[in-house]
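Step one of this worksheet: look at the structure below.
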Amino acid sequence: MSLPYVVLQYNDLQQLNFIQQGSTRLRVACFDLCPSLIVLGANSGTIYILDHDTLKLKHQIPTGNGSVVQLSISPDECHVAYALSNGSVEVFEVSTVMRFHVQ
């Protein structure tokens with residue numbers, strides 16, 4: 001049985017402080033995870049890709065107009081599909097985006 005909850009320890013949450021940089025109104029609206037990545041969609045329209053083991057930010061992708069309302073990592077972990085509040089749906093290839101790592 002699958003439950004709609006994810007449990008993180010408090011010290012894990014402190015590593016996600018990059019989400020609050022510059023705005024106190026920014027919130028994570030959706031997420032998906034796989035063995036190697038965690039992908040977060042924010043109300044700002046940005047998608048954050050994190051390393052699943054370390055929770056370090058690997059990349060952030062501005063999506064354009066609208067909040068990210070839903071996203072999903074493909075079963076083969078090669079693509080991420082996302083939907084925005086303006087009704088648009090797009091897919092990107094993870095390997096293409098990950099060529100440009102956040103340092």
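Where a number appears in this text, it was derived from the coordinates with a stated rule and is not lab data. Treat the numbers as computed from the prediction; the structure is a model and nothing was measured. Neighbour counts are summed over all protein chains in view; Cβ atoms, including those assigned to glycine, are modelled from backbone coordinates with ideal geometry.
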Additional length obtainable on full extension of the chain from Glu77 to Val89, 0.36 nm per residue less Cα span: 2.5 nm
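Under 10 Å from the Cβ of Cys34, count the other residues' Cβ atoms, weight Lys and Arg +1, Asp and Glu -1, and hand me the total. All intermediate terms of the calculation are to be shown ahead of the outcome.
Details: positive: none; negative: Asp32, Asp76, Glu77.
That sum, taken over residues with Cβ under 10 Å, equals -3.
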